1. For a Förster distance of 45 Å, can you work out the FRET efficiency between the beta-carbons of residue 95 and residue 53, rounded to the nearest 0.05?
2. Over all distinct Cα pairs, what is the inverse of the mean 1/r for region 27-189, reported as the Kirkwood hydrodynamic radius in Å?
3. Between residue 29 and residue 189, what FRET efficiency follows from the Cβ-Cβ distance if R0 is 22 Å, with the result rounded to 0.05?
4. Calculate, in nm to one decimal, what residue 126 and residue 169 gain on full extension: separation in residues at 0.36 nm each, minus their alpha carbon distance.
5. With r as the distance between the Cβ atoms of residue 178 and residue 154 and R0 = 25 Å, compute the FRET efficiency 1/(1 + (r/R0)^6) and round to 0.05.
6. Quick one: order 183, 32, 167 by neighbouring beta-carbon count within 10 Å, fewest to most.
7. If neighbour count is taken as other Cβ atoms inside 10 Å, put 33, 146 in order from fewest to most.
């Protein structure tokens, strides 16, 4: 009986120790939406707007280049028609044919320039977009990790991205464990305060006499 009691006490002590160890090592998992934070990051928004503006300027330049090529094509057609005009002299036809061939070479050069422009600008814009995303994602990840550590988390998971199966990595999480808003507030702390512009003096203000001194 005494041995049985000792065994039960030892077993109980081991159980309590195991429960205590489990409680001590249980991870605290928090979640964050990295895509939402990136889309709302004030500097990422500004950089993306600049990138979009540059893309629009490049597209306008490309449209102008295409317009020039279209004009060259029309000129080529006119010269080709002149070279085939049955009422034109042999000399006029030969002159028009030579001019048409020259114009065709110019069109080929212009088309090559357009293709090169598209490739270079497209590559540059894509690279800039990747650099912007990489830079601010890294910054957001660091801030999110700092907030998670401050909240006592041992694991922080991004619930934005899909898995290789195309489904969300995190199928469900308690909203109380989501620190996205907290991280967004932390990021916003680094945003410069916009000072209101000083209003320009009106003619009436400039003409007004200075107040008398006592």
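1. Calculated transfer efficiency: 0.45.
2. For region 27-189, inverting the mean 1/r across all distinct Cα pairs yields 20.7 Å.
3. Efficiency at R0 = 22 Å is approximately 0.30.
4. Answer, rounded to one decimal: 12.8 nm.
5. 0.95
6. Least crowded to most crowded, the residues run 167, 183, 32.
7. 146, 33
Read the figures in this text as sums done on the coordinates, not as results from a lab. No experiment lies behind these values; they were computed from the predicted model shown. In this analysis, Cβ positions are derived from the backbone assuming ideal geometry, glycine residues included, and neighbour counts consider all displayed protein chains.
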